Amino acid sequence: MKIVHVVECFAGGTVHFVNLATMYMNQHEHVVIHGERKDEISAEDVKAKFPQHVSFLKWKSAHRSISIVKDLKALADLRRKLKQLKPDVVHLHSSKAGFLGRLACNALGIRNVVFTPHGAAFLRKDTSFVRVLFYAALEKSAALLSGTVVCCSKSEAEKFRKVGVKATYINNGIVLPAGSLRATERKASPVPKFTIVTCGRITEQKNPVLFNDIASAFAQDSSIRFVWIGDGEYRDKLISNNITVTGWKGREEVVAEVNSADVYLSTSSWEGLPFSVLEAMSLGKCLVLSNCVGNIDLVAPDYNGFTFDTAEEAVYRIGWLKSNRKILDQMGMNSLEMCYENFNIEDTFKKYLSIYQDHNAVS
């Protein structure tokens, strides 16, 4: 089976998902049609991390923002590439690729199309209400053309249904550790301070202002520290003196940093189903997550952590966890249990493969 993935750019969880798909469905041929945001990450650096059997084609004129001229050029280029490739399945990733890809597939008569939003544009909190309505209208229009909308979390699928788009979901998955679930075997030696960690690009989506507000509430407590693993254009919002911004690190360093922390904190305004939180869960971390799409699928309140709506609520939860170490450790073990039950990477791609094959059976 020839599976063609279309991505507007190599960024964040989207490229991680595509990489995992090519690894866990490696008995099939994979072609990735991609754009590039050179100011964020080099496509060549990303491609080097993929399995050798994956082929890549540059998607000319692919661009994040809406531009009639560039989008028409990108649509024409995508149509040409798909016509030449004759794919068995086209998997579209994120909103821009999802819209232009369904236009191109509809024009070519390709019906075996899957669209995964990875955080829908109409869920954004950094834009106007009018734009949100416009993005929702685009999704409704594209859904009439071709393909199946497969969200990466239950809450994201529910948001699509709420705006009138038929959608299903398959949870993102994580590679899980083998062996015992005992916390003593999973945790590295604790660092001297109670540590709250997050990981990701410092963008408006991740709400660093809220992260800073939470950290600043503990600025006078020398026994607590906050760590943001990553970098980005909103780094200057993290000004509290108890925050360490590490910059980008290699995978082993990230795992070690998260593993040595006590609590994983997410202040995101919207998500699809964040891999960074799944990674923390696989390391047995208790979660304190903002109450947004995607995040809410990963927390069972009072079982593996808490969700919050305000900085004050997050501050209270962190303080309470610091004073209740046994409950904190148990919640961490519960996070890992939830991963095994609901977010196993092998289950994720068995389900996608089933959808691909169903598409081929009726095409």
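The values are calculated or read from the model by the stated rules, or taken from the named source; none is laboratory data. It should be emphasised that the depicted structure is a prediction, and the values quoted were computed from it without experimental measurement. Backbone-built Cβ (ideal geometry, glycine too); neighbour counts: all protein chains shown. Quick note on the areas: whole protein, heavy atoms, side chains included, nothing else; ligands and nucleic acids left out. Shrake-Rupley method; radii C 1.70, N 1.55, O 1.52, S 1.80 Å.
Quick look at the values:
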{"item": "Counted residues, the stretch 45-77 - those being open to solvent by less than 70 Å² (accessible area, probe 1.4 Å), part of a helix (DSSP H, G or I) and within 20 Å of A121 (Cβ to Cβ)", "result": "3"}
{"item": "Enumeration of residues in the stretch 213-227 that are over 19 Å from S260 (Cβ atoms), in contact (Cβ under 8 Å) with a residue 24 or more places away in the chain and not in a helix (DSSP H, G or I)", "result": "A217"}
{"item": "Long-range neighbours under 7 Å by Cβ, at least six apart or interchain, first residue within 20 Å of V132 (Cα to Cα) within the stretch 154-177, second open to solvent by 80 Å² or more (accessible area, probe 1.4 Å) and among the aliphatic types (A, V, I, L, M)", "result": "none"}
{"item": "So A261, is it under 19 Å from N295 (Cβ atoms) and small (G, A, S)", "result": "yes"}
{"item": "Close pairs (6 angstrom Cβ cut-off, 6 or more residues apart or separate chains): at negative phi in the stretch 312-331, assigned to a loop (DSSP other than H, G, I, E, B) and modelled with pLDDT of 95 or more anywhere", "result": "V315/A217; M331/N304"}
{"item": "Some residue of the stretch 26-44 being modelled with pLDDT under 90, open to solvent by 30 Å² or more (accessible area, probe 1.4 Å) and part of a helix (DSSP H, G or I)", "result": "yes"}
{"item": "Helices (runs of 4 or more DSSP H) contained entirely in the stretch 115-212, each with at least 1 residues that are loosely packed, with under 13 Cβ neighbours inside 10 Å and at pLDDT below 90", "result": "129-143, 183-186"}
{"item": "Elements of type helices (runs of 4 or more DSSP H) in the stretch 258-363, at least 3 residues being surrounded by fewer than 17 Cβ atoms within 10 Å (Cβ to Cβ) and modelled with pLDDT under 95", "result": "325-342, 345-362"}
{"item": "Selection within the stretch 90-139 - without any contact (Cβ under 8 Å) to a residue 12 or more places away in the chain and basic (K, R)", "result": "R131"}
{"item": "Looking only at the stretch 295-335, and only at residues there that are hydroxyl-bearing (S, T, Y) and within 23 Å of the chain's Cα centre (by Cα), the one that is farthest from L283 (Cα to Cα)", "result": "T310"}
{"item": "Looking only at the stretch 213-245, and only at residues there that are of a type in the set (D, E, K, R) and touching a Ser or Thr at 6+ places or on another chain (Cβ under 8 Å), the one that is modelled with the lowest pLDDT", "result": "E233"}
{"item": "Subset of the stretch 1-17 that is under 19 Å from the mean Cα position of the chain (by Cα) and modelled with pLDDT of 95 or more - its residue that is surrounded by the most Cβ atoms within 10 Å (Cβ to Cβ)", "result": "V6"}
{"item": "When residues of the stretch 80-114 are limited to those that are in a loop (DSSP other than H, G, I, E, B) and in contact with a His (Cβ under 6 Å, 6 or more places away or on another chain), the one surrounded by the most Cβ atoms within 10 Å (Cβ to Cβ)", "result": "S94"}
{"item": "Residue list for the stretch 238-257, filter: assigned to a helix (DSSP H, G or I) and either in contact with a Pro (Cβ under 8 Å, 6 or more places away or on another chain) or acidic (D, E) (or both)", "result": "E252, E253, E257"}
